[in-house]
Ligand code: SF4
């Protein structure tokens with residue numbers, strides 16, 4: 001949270017596969033803490049309601065589903081497609097639940113406390129960057145280097161990265177440092193009904209090509 005709110009460039013560790021489960025440890029946790037704590041401190045505190053308590057011990061793992069029995073009549077089911085990797089359930093049921101193994105980092109730009117304009121939260125510019133080998137780390141350093149160079153050339157005096165992005169627009173910043181622009185990066189709908197549509201077909205073709213590749 002601190003890095004999202006303060007860092008010009010935040011690098012936050014994450015994973016992109018499913019949450020891992022361990023039934024022995026889940027049962028042990030349940031024996032010690034019970035149903036009230038499971039409901040009040042795990043299920044209901046998931047920010048995206050991705051965890052469901054089920055009245056069966058027969059778990060059904062799926063492509064995006066993690067599941068684990070906690071006793072002979074109940075289990076937990078996690079919809080990984082809706083999990084935002086906040087870590088809360090994993091911190092509470094450590095061992096019984098664990099992060100996935102396909103790990104990397106999410107990169108955000110532009111967080112800052114008050115200076116020229118009010119506080120800004122960082123914006124996700126790379127949802128997942130694998131950090132497994134030397135080339136991955138070089139890619140991370142390259143993103144940092146390009147944003148420092150762009151900042152040096154385009155920021156006004158006393159501006160921080162977030163203020164520069166607010167002033168010139170996120171699209172111009174991303175184009176400037178050579179990152180792919182994704183519709184998911186829209187943080188608020190436009191308030192001006194007039195739009196320019198130059199290059200529209202090219203952008204639609206690019207989005208469709210990315211979707212087809214994914
Ligand atoms: S990590 Fe967070 S968002 Fe994901 S299932 Fe656990 S509590 Fe929910």
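The values are calculated or read from the model by the stated rules, or taken from the named source; none is laboratory data. Just so it is clear, the model here is predicted, and its values are computed rather than measured. Methodologically, a virtual Cβ is constructed for each residue, glycine included, from the backbone with ideal geometry; neighbour enumeration extends over all protein chains shown.
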Filter result for the condition that a residue is touching a strand residue (DSSP E or B) at 6+ places or on another chain (Cβ under 8 Å) and within 16 Å of the ligand (Cβ to nearest atom), over 112, 64: 64
Note: among 102, 119, just one is more than 10 Å from the ligand (Cβ to nearest atom), touching a residue at least 12 places away in the same chain (Cβ under 8 Å) and in contact with a helix residue (DSSP H, G or I) (Cβ under 8 Å, 6 or more places away or on another chain), namely 119
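Please go through region 50-61 and give me each residue that is surrounded by 11 or more Cβ atoms within 10 Å (Cβ to Cβ) and more than 7 Å from the ligand (Cβ to nearest atom), ordered by number. Show your work before the answer.
Keep residues of region 50-61 that are surrounded by 11 or more Cβ atoms within 10 Å (Cβ to Cβ), which gives 50-54, 56-57, 59, 61.
Matches in region 50-61: 52, 53, 54, 56, 57, 59, 61.
Please pick out the residue among 143, 165, 148 that is at pLDDT 95 or above and touching a strand residue (DSSP E or B) at 6+ places or on another chain (Cβ under 8 Å). So that I can check it myself, show each step before the final result.
Numbers: 165 fails: at pLDDT 95 or above; 148 fails: touching a strand residue (DSSP E or B) at 6+ places or on another chain (Cβ under 8 Å).
Selected residue: 143, the only one of 143, 165, 148 that is at pLDDT 95 or above and touching a strand residue (DSSP E or B) at 6+ places or on another chain (Cβ under 8 Å).
Determine, yes or no, whether residue 89 is within 11 Å of the ligand (Cβ to nearest atom), outside the structural domain of residue 163 (by TED's automatic domain parsing), closer than 28 Å to residue 137 by Cα and crowded, with 20+ Cβ neighbours inside 10 Å. Outline the logic, then answer.
Numbers: within 11 Å of the ligand (Cβ to nearest atom): yes; outside the structural domain of residue 163 (by TED's automatic domain parsing): yes; closer than 28 Å to residue 137 by Cα: no; crowded, with 20+ Cβ neighbours inside 10 Å: yes.
No.
Considering each of 37, 77 in turn, give the residue that is over 28 Å from residue 119 (Cβ atoms), modelled with pLDDT of 95 or more, away from the ligand (no atom under 12 Å from the Cβ) and outside any loop (DSSP other than H, G, I, E, B).
The match here is 37.
Assigned to a helix (DSSP H, G or I) and either surrounded by 14 or more Cβ atoms within 10 Å (Cβ to Cβ) or free of Cβ contacts under 8 Å to residues at least 60 places away in the same chain (or both): which single residue out of 180, 175, 157 fits that description? Explain how you work it out, then say what you get.
On the way: 180 fails: assigned to a helix (DSSP H, G or I); 157 fails: assigned to a helix (DSSP H, G or I).
Checking each option against the conditions leaves just 175.
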